[in-house]
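Q: One structure, pasted below without further comment.
Where a number appears in this text, it was derived from the coordinates with a stated rule and is not lab data. The structure presented is a predicted model; accordingly, all values stated were derived computationally and were not measured. Note: ideal-geometry Cβ built from the backbone for every residue, glycine included; neighbour counts use all protein chains shown.
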């Protein structure tokens, strides 16, 4: 790969965010207040120096554009990488947030008209988008292989043979508070930290990008991962209401209905059962392991939606004989003992499963990707002490992304790049959601309602659902349930398609799965851009 680093646009502004001149803190102790005044009189530049060196997000939009080329599918592809910020504003024009993004656009005379543009974002909620950025379809990526912990530096990083840049321009966006995205002025983070607040901010960001870069006539797509799919379900409806139609929405590792996680709601146990079975199949914990996982999971789906669902529906009224029968069949599918299953009242929590399945090997399974295994200090514990599939890759991703952004893209900021806003002061996500045509807000969002509304209003909108068999964070059977309960007519139902991969939540960590996923997405783009 050649990175020529030709700077074609550099619009960095001076610090324009004015923080209040240390607004009145209502000191109750007059002596302390007098002492502060005396210190400033002794050294008048002290406070000004501190303020002038304060790390501030820019109000004026920044751009740093570099030119690159690499070989993709046997062809040399020239493209521009633009790292910068977009400023979004309230209804009165007041700037409220500086949103960081990185865009990859092919050098093509008609790129602003005929080439698709895809907007990417991770989930969290409150995560940056470094995972999708340097893990999936950008021109460069972190190289990963087997589902094991990546060794410390030096890491492997380079050209991405499965980049989507040959089928679409790519725009990666960081949620406000994460990455380099920040609130501006006196706007607080909680103005964006909620289901509806977040979706509206992303709608404004995408609309600003489209306006600024004159992409209204381009085929357009949303690509969200994890909570990013929750965002997409609502976001597509907001954008359509604002007059911006999309060709497609790509859902990677979906969660569309958070109501499933409420205590006493048995749907979550039905949703997890096929994922438990896939994990047991992968780790060779089945007494009679079938050769083909696809047909095996069809059997498990049928059981989960049939006999298992009927048994759970009976609650405490279930007979002992039926409980024994269901536990025996669950044991066949999951590799757990019937006794353990009955001790858990046929409702095995995720943490308990991850701890119990490989307990005899003193191992736990991952949550984001059940192929990964971890070692706890207490093998006899009730749940894993950490998620081995998360810790396995985090260090490499953050190090390589930070290096790439500053060295190859030449973007500099005096802000800290935050992997996530989670844990920041004041972060408390507002889960309430006002669904379309609803009189009351939902306490936990079900954005399948929003997605359904968008699909009915735009009969050409198509949905591609991408799922990992070993994803224990957003189980694929839950996605199937949500997408099949949107009360669509046959013509709209035909606009939803599914693909499955022998990988986890971050499907792209598995090279073979990433390659197949790229092929599936290319077909999807062909189908949704053909007149």
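Q: Between residue 107 and residue 416, what is the FRET efficiency for a Förster distance of 30 Å, r being their Cβ-Cβ separation, to the nearest 0.05?
A: Taking R0 as 30 Å, the efficiency between residue 107 and residue 416 is 0.35.
Q: Can you tell me how the stretch 165-229 classifies by the Cα gyration tensor, rounded, prolate or oblate, using a/c under 1.5 as the rounded cut? Numbers along the way, then the final one.
A: Values: a/c = 2.17, a/b = 1.65, b/c = 1.32.
Here the stretch 165-229 falls in the prolate category.
Q: Measure nothing fancy, just the Cα-based angle from helix 511-529's long axis to the longest principal axis of the chain, in degrees from 0 to 90, nearest 10.
A: 70
Q: So what is the diffusion coefficient of the stretch 262-390 in µm² per second by Stokes-Einstein at 10 °C and 1.306 mPa s, using a Kirkwood Rh over Cα pairs?
A: Rounded, D is 106 µm²/s.
Q: A further question follows. I'd like the orientation of helix 30-42 relative to the chain: the angle between its Cα long axis and the longest Cα principal axis, in ° from 0 to 90, rounded to 10.
A: Taking the Cα atoms of the chain, the angle to 30-42 is about 60 degrees.
Q: I've got another one for you. Under the rule a/c < 1.5 gives rounded, and otherwise a/b versus b/c splits prolate from oblate, where does the stretch 98-196 land using the Cα gyration tensor?
A: Oblate.
Q: So how far, in whole Å, is the C-alpha centre of the stretch 236-289 from the one of the stretch 350-371?
A: 19
Q: Defining a contact as two alpha carbons under 8 Å apart and six or more residues distant in sequence, what relative contact order in percent does the chain show?
A: 17
Q: Using only alpha carbon pairs under 8 Å that are at least six residues apart, calculate the relative contact order of the stretch 262-390 and give it in whole percent.
A: Details: 156 pairs, mean separation 27.1, N = 129.
It rounds to 21 percent for the stretch 262-390.
Q: Let me ask you something else. Cα gyration tensor of the stretch 82-141, axes a ≥ b ≥ c as square roots of the eigenvalues: rounded (a/c below 1.5), prolate (a/b > b/c) or oblate? Walk me through the numbers before you get to the answer.
A: Numbers: a/c = 2.49, a/b = 1.22, b/c = 2.04.
Oblate, since a/c reaches 1.5 and b/c is not below a/b.
Q: Kindly put 322, 356 in sequence by how many other C-beta atoms sit within 10 Å of each C-beta, fewest to most.
A: 322, 356
Q: Still on this structure, I have one more. Taking 0.36 nm per residue of separation and subtracting the Cα-Cα distance, what length does fully extending residue 427 through residue 360 add?
A: 20.2 nm
Q: Can I ask one more? Out of all DSSP beta bridges in the chain, what portion is antiparallel? Express it as a percent rounded to 5.
A: 60
Q: Using a Förster radius of 41 Å, what is the FRET efficiency between residue 383 and residue 515 based on their Cβ-Cβ separation? Nearest 0.05, please.
A: Values: r = 34 Å, r/R0 = 0.84.
Computed FRET efficiency for residue 383 and residue 515 comes out at 0.75.
Q: Label points 7 Å out from Cα along the Cβ direction at residue 114 and residue 241: separation in nm?
A: 3.6
Q: A follow-up question, please. Could the peptides 429-441, 465-477 be put in order, highest first, of the mean number of other beta-carbon atoms found within 10 Å of their residues?
A: Per-residue Cβ counts within 10 Å, averaged per peptide and sorted highest first, yield 465-477, 429-441.
Q: Sort the following peptides by mean Cβ neighbour count (other Cβ atoms within 10 Å, averaged over residues), highest first: 224-233, 178-187.
A: 224-233, 178-187
Q: Once fully extended, how much extra length lies between residue 403 and residue 155, figured as 0.36 nm per residue of separation less the alpha-carbon to alpha-carbon distance?
A: On the way: separation 248, 0.36 × 248 = 89.28 nm, distance 1.12 nm.
Taking 0.36 nm per residue and subtracting the Cα distance, the gain is 88.2 nm.
Q: Rounded to the nearest 500, what is the chain's calculated 222 nm mean residue ellipticity when only DSSP H runs of at least 4 contribute -39500 (n - 2.57) each, over all residues?
A: Only helices count here, giving -10000 deg cm²/dmol.
Q: Hey, rough spin-label estimate for residue 146 and residue 345, points 7 angstrom out along Cα→Cβ, what's it come to in nanometres?
A: 4.2
Q: Any idea how far the Cα center of the stretch 506-520 sits from the one of the stretch 392-465, in Å?
A: A separation of 21 Å, based on Cα centres.
Q: Still on this structure, please answer the following. At 7 Å along Cα-to-Cβ for each site, give me the label-to-label distance between residue 187 and residue 484 in nm.
A: 4.2
Q: Compute the helix-to-body angle for 227-241: its Cα long axis versus the longest principal axis of the chain, expressed 0 to 90° and rounded to tens.
A: Rounded to the nearest ten degrees, it is 60.
Q: Can you give the FRET efficiency for residue 216 and residue 498, using 1/(1 + (r/R0)^6), R0 = 25 Å, r = Cβ-Cβ distance, to the nearest 0.05?
A: Working: r = 31 Å, r/R0 = 1.22.
My answer for the efficiency is 0.25.
Q: When DSSP assigns beta bridges and you keep just the ones with both residues in the stretch 94-206, what percent turn out antiparallel, to the nearest 5?
A: Roughly 70 percent of the beta bridges in the stretch 94-206 run antiparallel, per DSSP.
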